[in-house]
Structure formats: C-alpha cells, structure tokens
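Asker: Structure below; questions to follow.
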Amino acid sequence: MCFSFNMFDHPIPRAFQNRFSTQYRCYSVSMLAGPNDRSDVEKGGKIIMPPSALDQLSRLNITYPMLFKLTNKNSDRMTHCGVLEFVADEGICYLPHWMMQNLLLEEGGLVQVESVNLMVATYSKFQPQSPDFLDITNPKAVLENALRNFACLTTGDVIAINYNEKIYELRVMETKPDKAVSIIECDMNVDFDAPLGYKEPERRSHYHEEPAEEEGDASSYADMDVGFRAFTGSGNRLDGKKKGIEPSPAPIDPSDIKRGIPNYDYKVGKITFIRNSRPQPKKVDDEDAMNRFIAFSGEGQSLRKKGRKP
C-alpha cells in the first residue's frame with residue numbers, strides 16, 4: 001500500500017518563485033576595496049552586489065531591468081534602487097552614502113534586498129533642500145543629466161546630485177503613477193517646489209505717494225532764499241544815534257520764498273540735467289551771415305556839397 005503526502009494544499013504561485021529576497025551587510029562605497037575610484041556610485045541610485053546574487057537572479061528568470069527594494073527592518077525605512085555591478089564580496093553590498101542616510105543605516109548594518117517590478121514614471125516633483133539650488137542657470141537640465149545615473153525614485157527620499165563640484169540634495173515630494181517608479185527610458189514631467197528655507201522677496205511699488213506739503217513755521221524759512229520784501233532794510237540817523245533804527249520787518253510769508261521753475265515737460269522715470277539755465281543765443285547759419293554782410297556796401301557822406309559848374 002502506498003500513500004502520497006503533499007505538505008502544501010496549494011501550489012506556490014509563480015510570482016513568488018521568481019522573487020529574489022536576501023539580507024546583506026551594507027557599507028558605503030568608500031569602503032569598497034580596490035585601486036579604482038568608484039566615486040561614480042555616489043552620483044547615482046544604484047548599488048553593488050556580490051556575484052552570487054547575479055547567479056541566483058539569472059536562475060529566477062526575473063524581468064529586466066533589475067530593480068530592488070531595500071528595507072531596514074530596525075527603523076522600518078525603505079527605498080528602491082538599481083544594480084550597477086556584481087563585484088562585491090559575498091554577503092556584502094555597497095550603497096551610496098545618501099541612500100544609507102535615508103535608510104538610517106550604519107556601516108555594517110543589515111539590509112533586506114528584494115527584487116521588485118515598478119511602473120514607469122510619468123511625473124515627479126522635487127524640493128531642493130537649500131536655496132543655493134536656485135543659483136543654477138538651468139536646474140531642469142542639470143537634474144535630467146543627473147537622473148541618468150538613477151534607476152528609480154521613491155516618494156520621501158532625499159537624493160543627492162553632484163554639479164560643479166558641489167552636492168545638492170533634493171527631496172522627492174511626489175511621483176506618479178505610484179509612490180515608487182522606474183525612470184529608465186521614460187518620458188517624465190519634472191516640477192520643482194520652493195526650496196527649503198526660501199523666502200519670497202518683498203515687492204516694492206515703483207511709485208510712492210509723496211506726503212502733502214504742510215505749512216511750516218516762519219522761522220524755518222530764515223535760511224532760505226527769499227525774494228523782494230518791502231521795508232525790510234535798516235535806517236541811519238543824522239545825529240549818529242542808533243536809537244529807534246533797528247529794523248522791524250514784517251513776518252515772512254510763504255509766498256515770499258523763491259520757488260524753482262517747474263519743469264512742465266517732466267515724465268516719470270526720466271531725469272533731466274540742466275547745465276545752463278540761461279537761454280542759448282540763436283545760432284545764425286553761415287549762409288544767412290554771408291547774405292547779410294556785404295563788404296564796402298555802405299554809402300559815404302560829404303560835408304561840403306559840390307556845386308554845379310557854370
């Protein structure tokens with residue numbers, strides 16, 4: 001008598017059979033041994049995995065491009081990335097520094113790596129973490145060039161891009177059609193939010209209303225140039241005494257103050273410098289001067305009249 005026994009009531013779905021999931025100890029790229037400089041890893045969103053991962057992935061027949069979900073179970077933080085190379089030591093993977101900061105991972109910390117399929121991005125919105133990002137002449141072109149080193153984006157991540165030997169951090173505020181999207185060979189619209197700490201400049205009106213001219217005290221006109229005022233001089237006595245000769249001028253009236261000649265041709269935004277207020281003599285053309293002046297054209301007069309000879 002033979003008995004057949006099946007541990008599972010239902011067969012394992014094919015989706016789980018093609019799923020890659022394992023744990024690695026993660027380190028930053030600066031810890032990667034080797035003579036070659038791998039600073040290019042810091043400029044993107046891809047990681048370096050061990051060769052055994054490539055062997056396991058090839059057997060699972062997963063879809064391309066290879067995209068992964070990284071999870072720090074201790075802090076419940078996760079992000080998504082691509083893979084750059086399979087040259088790391090066994091049991092170790094190397095991550096960009098900004099990715100380790102998002103996951104709150106330290107050197108040698110454990111990270112869960114799972115293969116995923118993400119939808120292609122159609123829209124993303126970024127918020128620069130410093131107003132210095134506004135100094136870039138064409139920020140969209142700079143971001144587009146930097147995103148070529150990324151494989152996917154996750155809402156809430158703070159990515160780092162390098163431009164002109166300076167690191168700019170941008171927070172991913174929104175992605176469509178999902179919170180995690182693939183940006184490989186996609187047509188994506190990019191938008192920017194106001195940088196963190198940015199303040200709108202105060203707008204000042206170009207035209208200010210001048211306060212109405214108030215009638216000032218008569219003493220304030222003492223130092224100003226005044227016109228003619230009658231009976232303001234001092235007198236002298238024949239006997240030489242100075243009693244009763246002190247002048248007692250009438251109070252200054254505002255109408256006595258000399259005012260400048262207004263410029264009736266004044267236009268807002270135009271400044272006119274008058275170098276000489278005297279009217280310039282009218283210039284006479286050379287032709288008119290030659291027509292007016294004729295040499296030896298005058299008539300002479302004689303004191304003695306010549307008589308007629310008989």
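Asker: How about region 73-156: which GluC sites (Glu not before Pro) there lie in a loop by DSSP and see at most 12 other Cβ atoms within 10 Å?
Answerer: 90, 106, 107
Asker: If you average the sequence gap of Cα pairs under 8 Å that are 6 or more apart and divide by the length of region 54-174, what percent do you get for the contact order?
Answerer: 28
Asker: If eta is 0.890 mPa s and T is 25 °C, what Stokes-Einstein diffusion coefficient results for region 126-195, Kirkwood Rh from Cα pairs, in µm²/s?
Answerer: 197
Asker: Using only C-alpha atoms and all pairs of different ones, pull out the Kirkwood radius for region 113-159 in Å with one decimal.
Answerer: Computed over Cα pairs of region 113-159, the Kirkwood hydrodynamic radius comes out at 12.8 Å.
Asker: Starting from the amide H of residue 20, placed 1.01 Å from N in the peptide plane, find each other amide H under 5 Å away whose residue is 5 or more places distant or on another chain.
Answerer: Correct list: 115.
Where a number appears in this text, it was derived from the coordinates with a stated rule and is not lab data. Model, not experiment: these values are computed from the prediction. Reconstructed Cβ throughout: ideal geometry from the backbone, glycine too, with neighbour counts over all protein chains shown.
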